[in-house]
């Protein structure tokens with residue numbers, strides 16, 4: 001009699017930080033330890049390194065400025081102090097996708113489900129919900145006090161309408177906004193032309209360009225970069241209707257109000273108010 005014995009094994013992967021051994025992720029990224037499993041389903045660093053090597057040409061071609069960090073955060077995720085992976089932001093994924101998706105297709109690969117930006121949207125939204133209560137940001141509380149206590153405070157400091165108030169984005173709306181229902185992100189793209197501006201009887205040439213708003217970036221953009229109405233898109237069904245408010249929380253000023261927006265097609269909305277006033281300059 002022959003007995004067939006089935007041996008089964010269960011692999012338990014414990015989450016603990018380990019040094020990054022893959023050379024592709026040992027430079028150009030702001031961390032040096034990783035944790036598994038990763039978003040691509042790899043349980044160990046060896047398998048992740050093999051998967052990363054398959055799409056190495058994307059990094060070598062630099063199809064997007066952040067492609068190295070993005071792919072490393074997917075395949076070799078940063079290990080936090082609590083031993084949990086730190087996922088890339090939705091914004092980082094969007095930039096990588098726009099710059100590299102076509103090249104990946106030319107290499108015979110599709111933009112994998114593990115790289116789907118919707119995976120990172122929830123984490124970005126959670127962080128935004130924390131930021132709106134932050135009293136240390138530029139306009140708010142300690143941020144204003146540290147910036148505006150200098151001998152020559154900036155124009156923005158002089159225009160701050162609540163210089164002695166320690167507040168946040170939420171408190172500037174009366175503290176009554178319920179943000180628990182925030183469930184999606186908006187893509188905002190600003191484009192601006194070369195122009196000349198006169199200030200204090202001097203002409204200054206300003207370069208043109210474009211920028212995409214990153215809700216988690218600490219970068220403060222200049223008014224002349226934001227002088228035009230941006231393009232704005234979000235995920236929505238054409239049968240859904242939205243209201244969009246463009247409100248300057250720093251100057252407490254309403255720039256625009258759109259109602260009855262079908263899907264994310266702002267061009268078909270009813271414009272109730274529009275007064276975009278940022279910066280005067282002559283095109284050059």
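The values are calculated or read from the model by the stated rules, or taken from the named source; none is laboratory data. Computed from a prediction, not measured in an experiment: that's the story for all the values here. Here Cβ is always computed from backbone atoms with ideal geometry, including for glycine, and neighbour counts include all displayed protein chains.
Kindly list, by first and then second residue, each pair from a residue in the range 193-205 that is farther than 16 Å from residue 225 by Cα to a residue that is part of a strand (DSSP E or B) and at pLDDT 75 or above, limited to pairs with Cβ atoms under 7 Å and residues at least 6 apart or on different chains.
Note: pairs meeting the criteria are 203/196.
Mind listing just one residue for me: the one in the range 21-59 that is closer than 23 Å to residue 103 by Cα and within 23 Å of the chain's Cα centre (by Cα) and, of those, surrounded by the fewest Cβ atoms within 10 Å (Cβ to Cβ)?
The extreme case among them is 27.
So in the range 168-193, with the set limited to residues that are within 16 Å of the chain's Cα centre (by Cα) and in a loop (DSSP other than H, G, I, E, B), which one is surrounded by the fewest Cβ atoms within 10 Å (Cβ to Cβ)?
Across the range 168-193, the extreme among qualifying residues is 183.
Do you know which residues across the range 76-108 are in contact (Cβ under 8 Å) with a residue 12 or more places away in the chain, in a helix (DSSP H, G or I), over 18 Å from the mean Cα position of the chain (by Cα) and surrounded by fewer than 17 Cβ atoms within 10 Å (Cβ to Cβ)?
103, the sole residue that qualifies.
Of the residues 252, 196, only one is exposed (fewer than 14 other Cβ atoms within 10 Å of the Cβ) and at positive phi; which?
That would be 252, the only listed residue that is exposed (fewer than 14 other Cβ atoms within 10 Å of the Cβ) and at positive phi.
For the range 73-84, name all the residues that are more than 19 Å from residue 55 (Cα to Cα) and in contact with a strand residue (DSSP E or B) (Cβ under 7 Å, 6 or more places away or on another chain).
78, 79, 80 - these are the residues of the range 73-84 that are more than 19 Å from residue 55 (Cα to Cα) and in contact with a strand residue (DSSP E or B) (Cβ under 7 Å, 6 or more places away or on another chain).
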